[in-house]
């Protein structure tokens, strides 16, 4: 990959995640040709507070991280990668309007947005157990729905078919647990659907984006099975992400 074709990457951690959890993923991205990789300073205690007060403060912090990475990269549009609820933070930071009294407005810094296991779509049943995320999702649907900033920003959404959920009487404990989580996110009708163990496959889709579904990839890092940031996961989406980033640059005439 030529130097001019190498994106600077900003990773946005997922719910209850923190930067150290994404260190190995950052190393893998550098090995695959990223010009640089930064991780937004979003920490586990911040997520715990956000579950109570909402995503507004974390969105603003994410926006500052985007702006800093953009400046460090010579004002060249970034490839922003949001994992799980981090994908919602990354989208919120693009909004031209305030969210919960906070504003970032850094959409022009995104050459491409990639989301990994992000619940863009939630059933009304998710309003209570996923309150903060549900509220953010509803705001995004109303203000900047779908791939709102395309083609200047290219969009790639990634989900996984790791396990189908099970009914309450399913003999497989893993399927029962997955089914319970899927039902909380997508309503009772989604209990037996496929997902990455936490997020429904269908929830990761975003209208107007290129939507990719991987096989056998789990949601969180740290488990002894492949996840979105492992080599097996990256094999399924990294090249597509770089292609999307180049599309975004071409759309705005950047070189």
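Values quoted throughout were computed directly from the atomic coordinates according to the rules given, and no laboratory measurement underlies them. The structure displayed is predicted, hence computed values, not measured ones. A quick note on method: Cβ atoms are made from the backbone with ideal geometry, for glycine too, and the neighbour counts reach across all protein chains shown.
Considering only DSSP beta bridges where both residues belong to region 94-216, give the percentage that are antiparallel (nearest 5).
Counting only bridges with both partners in region 94-216, antiparallel ones make up about 25 percent.
Rank by packing, highest mean first: peptides 5-11, 115-121, 165-171, with packing defined as the count of other Cβ atoms within 10 Å averaged across residues.
115-121, 5-11, 165-171
Averaging sequence separations of C-alpha pairs under 8 Å and six or more residues apart, then dividing by the length of the chain, give the relative contact order as a whole percent.
Relative CO of the chain lands at 18 percent.
Which one, 109, 90, 35, has the greatest fluctuation when you compute a Gaussian network model over the chain with C-alpha springs under 10 angstrom?
Comparing 109, 90, 35 in the GNM, the peak value goes to 35.
Starting from the Cα gyration tensor of region 23-104, take the square roots of the eigenvalues, sort them a ≥ b ≥ c, and report rounded, prolate or oblate (rounded when a/c is under 1.5, otherwise prolate if a/b is larger than b/c, else oblate).
oblate
Can you sort 27, 193 by how many other beta carbons sit within 10 Å, fewest first?
So the ranking, lowest neighbour count to highest, is 27, 193.
For residue 180 and residue 223, calculate 0.36 nm times their separation in residues minus their Cα-Cα distance, and state this gained length in nm to one decimal.
Length gained, residue 180 through residue 223: 13.5 nm.
With axes computed from alpha carbons, what is the tilt in degrees of helix 231-251 against the longest principal axis of the chain, rounded to the nearest 10 within 0 to 90?
Taking Cα atoms only, the helix is inclined about 50 degrees.
Compute a Gaussian network model of the chain, connecting alpha carbons closer than 10 Å, and tell me which residue from 86, 208, 63 fluctuates the most.
208
What does the helix-only formula give at 222 nm for the chain: each DSSP H stretch with n ≥ 4 adding -39500 (n - 2.57), the total divided by the residues, and the result rounded to the nearest 500 deg cm²/dmol?
One gets -11500 deg cm²/dmol as the mean residue ellipticity at 222 nm.
With springs only between Cα atoms under 10 Å, which of 177, 213, 163 fluctuates most in a Gaussian network model of the chain?
Comparing 177, 213, 163 in the GNM, the peak value goes to 177.
Tell me which label goes with the value of percent of Cα pairs over 34 Å apart computed from the coordinates here: [x] 17; [y] 11; [z] 20.
The value matching this structure is [y].
Distance from the Cα centre of region 1-47 to that of region 70-149, in angstrom?
Each part's Cα centre sits 17 Å from the other's.
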